[in-house]
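Below is one structure; the comments refer to it alone.
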Amino acid sequence: MSKEVLEHLRSEFGDRVDIVERNERRAYVTVSNEDWIAVTRFMYEEERGRLATATGSDRSTGVELLYHFCIDRDGTIVNIRTTIPKPFPKIEALTPYYPAADFIEREIFDFLGVEFIGHPDPRKILSAHDRPADFHPMRRDE
Amino acid sequence: MGAKNWGFKKSLWLFHLNAGGCNNCDIELLDCLCPKFDVERFGIKLVGSVKHADVLMVSGVVTRKVVPELIETYEQAPKPCAVVALGACGCTGGIFKDGYNFAGPVDKHIPVDAYIPGCPPRPEAIIDGVVKLLGKL
C-alpha cells in the first residue's frame, strides 16, 4: 500500500519531508535541495519505485522539479518535488545511482538550464546543434 | 500526356515522411489505407524506400533538425516524383508558426505539388487531394 511507502518516508526522514496525499493513489512529497538525492535514492533503492518520468517547470521562485516514482505493486504514484532557486539552478544528479534518469536529466538541462552535478554525460539532447550553449527555450525569463 | 506520365497516373506508390510532427496526420493517412476507406484497392500502397516512390507525402511541422533530411530525401527520390504537404503544419505552419523550432513550411525547402489542409485532414480530404494531384499531372 502506498501508506507503507509514506510511513517509511516519514520514519526515515522525519520532518525533512512534507507529504500531501491527493487521493489514495497519488502523493506529493516536498523536500529541500539538500535532501533531494537522499530521498530519491531511498525511493529507488529501498522502496523499489520506478522512475516513470520527470517534470520541470519555471515558476517565479525557481525551477520546480518533480520526479514521478511508480510503486508498481499497488498501482500508486509518489511524486517527489523540490524548487531550485534561479538564476543558475544546480542540483545533484540521480544518474550515477539510477541509469534510467540519464536522458530525463539531459532533457531538463536542455530545456530549463538546470545543471546536474555528477551527471556522466551532460550534453543537450533535443535542441538543434547550431543553437548557442545558453539556449534554454522553456525558461520564462523574458 | 508524355511518355514519362503514361505509367504515372494509376496505382501510385507513396513514401511517407514525418518531418517532426505530432503523428495525427500519419494516423489519418494510415486510415486511408486500412479497410474502411481502402485506397489499396486502387493499387496505392506505402513503400519502404523513397527510391521506389511516385509520391512523397510530408506530414508534420518541419523542425530545424529535420531540414537536411527532408532535402536529402527529396533529392534521392527518382523523378518524376510529386510532393504532397499533408496537414496544416506542412502547408503554413499551423499553430506552431511562431514557435522557436519552426523552420518554415514545406514549400520553403522543396517544391510542393499539392497541399492538403486540415488538423488532421479527414481521410476523405486526403483522397480528394490525391485525386486533384492526379488531375494536375
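The values are calculated or read from the model by the stated rules, or taken from the named source; none is laboratory data. The model shown is predicted, which means the values in this text are computed figures rather than measured ones. Positions of Cβ are backbone-derived with ideal geometry, glycine not excepted, and every protein chain shown enters the neighbour counts.
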From the list B:48, B:60, which residue is more than 14 Å from every other protein chain (Cβ to nearest Cβ), at positive phi and under 15 Å from the mean Cα position of the chain (by Cα)?
B:60
Being closer than 16 Å to residue A:4 by Cβ and within 12 Å of the chain's Cα centre (by Cα), is that true of even one residue in the range A:57-77?
yes
Kindly indicate whether residue A:54 is at pLDDT 90 or above and either away from chain B (no Cβ under 14 Å) or surrounded by fewer than 17 Cβ atoms within 10 Å (Cβ to Cβ) (or both).
yes
For residue B:96, all conditions in the list (1) away from chain A (no Cβ under 14 Å); (2) crowded, with 17+ Cβ neighbours inside 10 Å hold save one; what is the number of the exception?
(1)
Which listed residue is more than 14 Å from chain B (Cβ to nearest Cβ) and in contact with a Lys or Arg (Cβ under 9 Å, 6 or more places away or on another chain), from A:69, A:111:
A:69
Check the range B:70-85 and report whether any residue there is in contact (Cβ under 8 Å) with a residue 40 or more places away in the chain, more than 14 Å from chain A (Cβ to nearest Cβ), touching a strand residue (DSSP E or B) at 6+ places or on another chain (Cβ under 6 Å) and closer than 16 Å to residue B:29 by Cα.
yes
With the requirement that a residue be over 20 Å from residue A:36 (Cβ atoms) and either in contact with a strand residue (DSSP E or B) (Cβ under 7 Å, 6 or more places away or on another chain) or more than 13 Å from chain B (Cβ to nearest Cβ) (or both), what does the range A:122-137 give you?
A:123, A:133, A:134
